[in-house]
1. When you check Val235 against the structure, is it in contact (Cβ under 8 Å) with a residue 40 or more places away in the chain and within 10 Å of the ligand (Cβ to nearest atom), yes or no?
2. Being more than 16 Å from the ligand (Cβ to nearest atom) and either charged (D, E, K, R) or closer than 20 Å to Glu206 by Cα (or both): is that true of Ala86 here?
3. Only one of Arg183, Arg129 is within 16 Å of the ligand (Cβ to nearest atom) and either over 21 Å from the mean Cα position of the chain (by Cα) or surrounded by 15 or more Cβ atoms within 10 Å (Cβ to Cβ) (or both). Can you tell me which?
4. Has the stretch 98-107 got any residue that is in contact with a Pro (Cβ under 8 Å, 6 or more places away or on another chain), of a type outside the set (Lys, Arg), within 25 Å of Thr303 (Cβ to Cβ) and assigned to a loop (DSSP other than H, G, I, E, B)?
5. Go through Ala316, Ala262, Ala310, Ala285 for me and flag whichever is modelled with pLDDT of 95 or more, within 19 Å of Tyr81 (Cβ to Cβ) and within 13 Å of the ligand (Cβ to nearest atom).
6. Is it true that Asp48 is in contact with a strand residue (DSSP E or B) (Cβ under 8 Å, 6 or more places away or on another chain) and modelled with pLDDT of 95 or more?
7. Identify all residues within the stretch 394-425 that are surrounded by fewer than 18 Cβ atoms within 10 Å (Cβ to Cβ) and in contact (Cβ under 8 Å) with a residue 12 or more places away in the chain; write none if there are none.
Amino acid sequence: MSHVFHRNLKQHYPMAVKGDGPYLIDSQDKHYLDASGGAAVSCLGHSDADVIEAIRRQVGQLAYAHTSFFTNEPMESLADYLVAKAPEGLSSVYFVSGGSEAIEAALKLARQYFIETGQPERKHLIARRQSYHGNTLGALATGGNEWRRRQFEPLLIDVSHVSPCYAYRGLRDGESLEGYAIRLAAELEEEIQRLGPENVMAFVAEPVVGATLGAVTAVPGYFTRVREVCDRHGVLLILDEVMCGMGRTGSLFAAEQEGVTADLITVAKGLGAGYQPIGATLVSARIHQAIADGSGFFQHGHTYIGHATACAAALAVQHAIEDRQLLSRVVQLGEGLHERLDECFGSHPNIGDIRGRGLFRGIELVADRDRKQPFDPDLKLHARIKKAAMTHGLMCYPMGGTLDGRQGDHVLLAPPFILEDHHLDELTDKLDRAIQDALSSL
Ligand code: PLP
């Protein structure tokens, strides 16, 4: 009997023993094509020699030095690298160990910024329904993922949730994409007005919605309008790129493709590519300056922030992405993947939508394609697909509750940037078989 408190106490997990490029291998020597990078993490696959060597070198030199005593070279170099590549205005980086911690740091930085600038009444957060920002209490409260929040609701701070930008289901008959973007920006502004602009601290959103909606991009102009609304009312914009950032959509930061910058951007997952646990919050010069000119001290911190080995690994990952020109490869592979998904599922009666950007793709399953009617949630189609995919040697990231936290099923794909074209065929073929098996088991 295992003494590990596993995620699901009713499930048996195969033992992962080895990584080989885009494959994970279990103790029975079964190979799984990692088409989701775990949860959009392993962008360089599982055996990158350069990253492994960078970790080895750093541990040999200096594994860790507590950041209340020292700075360290990998942390300084990684911060320089990220700031040089980041959207305009972001000038410093607060390093943490994962996505939820990055969000918590962003929320506290936003709050402290308003304290330092004499606006202590600004405390309200606005985020979107059908979003995910992490599982620590502040991040969970921020997210609009109903089923994850439900039982912890009494512990969560009050956060307003407005509509996601989800054209497949949110666009009204006859409405243009521009009209939709205008309507959603107006909804955000109404919520700011309702709360009183002087009380609102920040709006938080994923540029491309990951786990909860399955690779949903915003319609053109949505984020520029959101940025205008925030600016009009002195509200900070926090973009959560924990899943969609670090090259996943074909640009290092997803915000680049929306033509906006943010006051705070969170990243994790692809930052360290799973070789080390690391996340980061990129901070605008304005926020950094306010704190530097004020208390001079961000009242926060964890034991492992700025971990030297984690930063060295992340720097090696980022150099690999740049040196091997993987961003253009993400765009190319992404198009190849989309074409194959379209070919395989484009006229499938139970696939309602195929979407995404770069190597961040999603398909939404429906019982009735014309009426976009979801499957009965009690059937747990998403869980059946995940199980069938594992049987076929494929890791993908299906999730339920796509519409409202209960109804709807989708599959998220976020494969490594190092795939060869034949892996795309293998991926589509195995996914097709997994979906067929899951549907025929209903
Ligand atoms: N934000 C987004 C957009 C995420 O997708 C996730 C994780 O899936 C998180 C935050 C939380 O990250 P972590 O699981 O590393 O705490």
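1. So Val235 fails the test.
2. Criteria met by Ala86.
3. On the way: Arg183 fails: within 16 Å of the ligand (Cβ to nearest atom).
Of the residues listed, the single one that is within 16 Å of the ligand (Cβ to nearest atom) and either over 21 Å from the mean Cα position of the chain (by Cα) or surrounded by 15 or more Cβ atoms within 10 Å (Cβ to Cβ) (or both) is Arg129.
4. Step one: filter the stretch 98-107 for residues in contact with a Pro (Cβ under 8 Å, 6 or more places away or on another chain), giving 98.
The next check asks that each one be of a type outside the set (Lys, Arg); those that pass are 98.
Imposing the further condition that a residue be within 25 Å of Thr303 (Cβ to Cβ) reduces the set to 98.
This time we only want the ones that are assigned to a loop (DSSP other than H, G, I, E, B), so: 98.
Checking the stretch 98-107: at least one residue is in contact with a Pro (Cβ under 8 Å, 6 or more places away or on another chain), of a type outside the set (Lys, Arg), within 25 Å of Thr303 (Cβ to Cβ) and assigned to a loop (DSSP other than H, G, I, E, B).
5. Answer to the selection: Ala310.
6. no
7. Asp404, Arg406, Gln407, Asp421, Asp425
Residues checked against (1) touching a strand residue (DSSP E or B) at 6+ places or on another chain (Cβ under 8 Å); (2) of a type outside the set (Ser, Thr, Tyr); (3) surrounded by fewer than 22 Cβ atoms within 10 Å (Cβ to Cβ):
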| residue | (1), (2), (3) |
| --- | --- |
| Ala205 | yes, yes, no |
| Tyr222 | no, no, no |
| Cys244 | yes, yes, no |
| Gln257 | yes, yes, yes |
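The values are calculated or read from the model by the stated rules, or taken from the named source; none is laboratory data. Note that this is a predicted model, so its numbers are computed, not measured. Cβ sites come from the backbone with ideal geometry, for glycine too, and all protein chains shown count toward neighbours.
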